[in-house]
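See below for the structure under consideration.
Values in this text are rule-based calculations from the coordinates and carry no lab data. Computed from a prediction, not measured in an experiment: that's the story for all the values here. In this analysis, Cβ positions are derived from the backbone assuming ideal geometry, glycine residues included, and neighbour counts consider all displayed protein chains.
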Amino acid sequence: MGESRITKVVIVGGGTAGWMAAAALSRTMDYLSIRLIESDAIGTVGVGEATIPAIRLFNALIGIDENEFIRETGATFKLGIQFHDWGRIGDVYMHAFGQIGRSLGMLPFQQYWLRGRQEGVAGRLGDYSLNETAGRQNRFARLQRIPDTSLDGIAYAFHFDAALYAAYLRKMAEQAGVVRTEGKIDSVKRHGESGHVEAVVLESGEQVAGELFIDCSGFRALLIEEAFETGFEDWTHWLPCDRAIAVPSENAGPPRPYTQAIAHRAGWQWRIPLQHRTGNGHVFCSDFISEDEAATVLLANIEGRPLADPRTLRFRTGMRKKAWNGNVVALGLASGFLEPLESTSIHLIQNGIAKLLAHFPDRDFDAANIEAYNRRVRFDYERVRDFVILHYHANQRTDSPFWVRCREMGIPDTLAGKIELFRSQGQIVREADELFIEIGWFQVLTGQNILPGGYHPMADQLTRDELAGFFADIETIVARTASRLPAHEDFIAQHCAAGVMA
């Protein structure tokens, strides 16, 4: 690239997005001069405390020691998300990470399960998941494969304090040479011809120049929207929740190794167990419940003593029309927002960073490269959007107008096609590299009572007795393996317990 190589990067905003970007760029492109501007006077939203297994790839990329990271952030392990009352009141199912059962011949396990369910020889889907079985028993260990079998072991992510994670990444990034500047941005200086950002001007009068600017300024979207007027695509007609009330609480018992998402009459509640506290929040639609009522619902459904007053977060679901515009790339809330129902907030930051590394520009900022980045980021957002919409749309609740509206609303064609294919053929097709794999869709669809009328005919290759034996063998292996794992809290105490935390 020679003289056209970018060497100066300015990150506007800290928090999880800013420090993830700083840590990744400084670790992978050590020739860059990186400056991050943030103000201690500007708070962070901090709703993203639960993650999915891909976070382990990011942590490995930047050289994080896992046990140290867990100690520093008060983290616990996460095996999946348990959903309460989403299909009908009283329903409980888990979207567990990792393998469920095993494929046989050309067919995935779920086709045999559909047949077994019809013939009365299959148990609960979760009985064939080591993650779910271990989660229900509050057990955990790092186990790549079940010994002496062809079955995968434990797939896991984390619950952690997002503010502590940002602080941990900041320490790593600054050790790698990232320079942090405390201050608020007063204005943006742009090039007269290209329109690119040349510098940001701080309230102190200092100008911070750069070649590539990364907007991590949260909902304000200071560069991508205030300066560039990129535009926002609103998805609230599909995802009508527009508020969240959050409050931390004391742990009422050993931390569970899974997130809980508990549906209420106009939204849902998250329960995220950390070592030093539990994160709680109520995501709701203000058209159907007031903020005061939502706070009352949340406080009535937490398990321990509140540790602070509830705080309200207001948001609009959707995404920027372009995540990359000119020489500005938006990450985190500046690029868009999807409620944290499937713990994708931090993943979408990670995903944006990974694609920025893959499409890292030179000072010419090639239009085809930028378009490819925007196309890929849009695909990721839209497919995650569809998966989140599925949870709302696939309900049978009649207890409140909110749930009736969600069930009866029109949905994106991409999601409608996926549901129709599953209803008619029991098939789930994962397109390109969309985030959620077939077994994830299968768990949510069946967990919320959408079931096809049949199954793939090749599932008939086993006799009924052979099919029953196939299920029994897997269930026995899973149950035996889970019972031998240590308790989740014991594993943490032995390997990665945090000290006393505020």
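Below is a table of values for the structure above.
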| quantity | calculated |
| --- | --- |
| The stretch 191-230 - charge dipole about Cα centre, Lys and Arg +1 at Cβ, Asp and Glu -1, debye rounded to 20 | 100 |
| The stretch 121-220: GluC sites (Glu not before Pro) in DSSP loop, at most 15 other beta carbons within 10 Å | Glu193, Glu203, Glu206 |
| Computed helical MRE - 222 nm, the chain, DSSP H runs ≥ 4 contributing -39500 (n - 2.57), nearest 500 | -10500 deg cm²/dmol |
| Normalised alpha carbon radius of gyration of the stretch 132-172 [divisor 2.2 N^0.38 Å] | 1.68 |
| DSSP-assigned coil residues among trypsin sites (Lys or Arg not before Pro) in the stretch 1-97, each with at most 15 further Cβ atoms within 10 Å | Arg5, Arg88 |
| Principal semi-axes in Å for the chain [√(5λ), Cα gyration tensor, largest first] | 39, 25, 24 |
| Nearest-ten-degree value, helix 367-393 long axis tilted from longest Cα axis of the chain | 40 |
| Loop-located trypsin sites (Lys or Arg not before Pro) in the stretch 389-483, at most 15 other Cβ atoms within 10 Å (DSSP) | Arg430 |
